[in-house]
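Structure first, then comments.
The values are calculated or read from the model by the stated rules, or taken from the named source; none is laboratory data. Quick caveat, the model's predicted, so the values are computed rather than measured. Cβ atoms come from the backbone with ideal geometry, glycine included; neighbour counts cover every protein chain shown.
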Amino acid sequence: MSYAYCALASVGIKQCLCLNAAEFLNYEDEKFSKSRGVGVFGTDAKETGIPSDVWRFYLLYVRPESQDSNFSWVDLATKNNSELLNNLGNFINR
């Protein structure tokens with residue numbers, strides 16, 4: 001055991017047993033950049049009027065686990081209509 005681990009354990013801080021990492025999510029084939037204003041940020045998402053549950057669904061659906069993913073408005077609409085609304089609608093109506 002390392003000194004740092006022992007020091008943290010002595011004050012009650014537990015060791016992280018699992019670290020979940022992901023690749024990059026790009027915006028319309030560009031890197032998200034707050035300084036350059038490239039991307040969709042919290043205030044922008046709120047101003048679109050799209051419900052937060054739709055945002056959560058889409059971001060989890062395209063979550064970049066093994067390679068970089070790309071956010072696009074067309075893909076957001078397509079996934080919302082084809083995956084979320086159609087599949088959820090079929091499930092509820094059965």
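Residue-by-condition table, conditions (1) surrounded by 10 or more Cβ atoms within 10 Å (Cβ to Cβ); (2) aliphatic (A, V, I, L, M):
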residue: GLU23; (1), (2): yes, no
residue: ASP29; (1), (2): no, no
residue: SER33; (1), (2): yes, no
residue: ARG36; (1), (2): no, no
residue: VAL40; (1), (2): yes, yes
residue: ASP44; (1), (2): yes, no
Considering the range 42-65 alone, what residues qualify as being under 12 Å from the mean Cα position of the chain (by Cα) and within 17 Å of GLU28 (Cα to Cα)? TRP55, TYR58, LEU59, TYR61, VAL62, ARG63, PRO64
From (1) at pLDDT 85 or above; (2) surrounded by 13 or more Cβ atoms within 10 Å (Cβ to Cβ); (3) not β-branched (Val, Ile, Thr), pick out the condition that doesn't hold for PRO64. (1)
